[in-house]
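Accompanying notes for the structure given below.
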Amino acid sequence: MNIILLGAPGAGKGTQATRIQENYKVKHISTGDIFRYNIKQQTEIGVLAQSYIQKGQLVPDEVTCKIVEIALNEINNENFMLDGFPRNINQAQVLDKLVKIDKVIDISVDLGALTERICGRRSCTACGNLTHVSRLGGKNTCEKCGGELIQRSDDKEETVKSRLAVYSEQTAPLIEYYKAQGKLVSVNGMGTPDEVFEEVKKVLG
Ligand code: AMP
């Protein structure tokens, strides 16, 4: 089954993607992760992507669609889960021409709760585990491996505002787009990661 994970920044796509990948045979393709890897390596794509990501804007479609096409070619017809792509109608139309999508899981959350969720988000520099400051009791080490935790530079408040605006204007219309295709399933993203994953399992069957 080929899946798309849809949802606003901070809805928990990355957290659910990790659980889905551990429990179902799907390759995880995250455009955000690909951009962050390229930024770390300071590749040409990374330098370009950084200038958009740090302002909370979308990286241009030509670049984003190309990296997705390459990632899809690399997985050799295996089932996949797209996380963070598509993010606008044009990207969805490009994707429709490339592959068949079976299900689109929309993780729906109260947009008002998101700024606090995103600004408190921390990721482990060693294992990539995602957590939230409210769970750390003042510590700055990963609960899973003890590694150092950092805040993503685009998780700062000013950038988060424009990421949420971009979501409402450009990404949210995809809910109707995939509803019209009969592929959309919604899960309530307001619970704990385990509770949300229980819902995800129900819709994935
Ligand atoms: P994410 O980790 O999915 O929140 O992505 C981090 C940032 O990478 C986003 O705020 C965008 O600037 C950029 N990005 C990720 N996926 C896309 C996409 N499909 N189209 C354009 N920009 C993207």
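The values are calculated or read from the model by the stated rules, or taken from the named source; none is laboratory data. The structure displayed is predicted, hence computed values, not measured ones. Here the Cβ is made from the backbone with ideal geometry for all residues, glycine too, and neighbour counts use every protein chain on show.
Of the residues making up region 4-24, those that are in contact with a helix residue (DSSP H, G or I) (Cβ under 7 Å, 6 or more places away or on another chain) and either outside any strand (DSSP E or B) or at pLDDT below 95 (or both) number 10.
Give region 14-71 a look and list any residue that's of a type in the set (S, T, N, Q), out of contact with any strand residue (DSSP E or B) (no Cβ under 9 Å at 6 or more places or on another chain) and within 13 Å of the ligand (Cβ to nearest atom), or say none.
To start, the set of residues in region 14-71 that are of a type in the set (S, T, N, Q) comprises 15-16, 18, 21, 23, 30-31, 38, 41-43, 50-51, 54, 57, 64.
If we keep only those that are out of contact with any strand residue (DSSP E or B) (no Cβ under 9 Å at 6 or more places or on another chain) as well, we get 23, 38, 41-43, 50-51, 54, 57, 64.
The answer is 38, 50, 51, 54, 57, 64.
Please specify each residue of region 143-163 satisfying the condition of being part of a helix (DSSP H, G or I) and either more than 20 Å from residue 50 (Cβ to Cβ) or among the acidic types (Asp, Glu) (or both). Result: 154, 155, 157, 158. Of all residues in region 182-205, those satisfying the criterion of being free of Cβ contacts under 8 Å to residues at least 60 places away in the same chain and not in a helix (DSSP H, G or I) are 182, 191, 192, 205.
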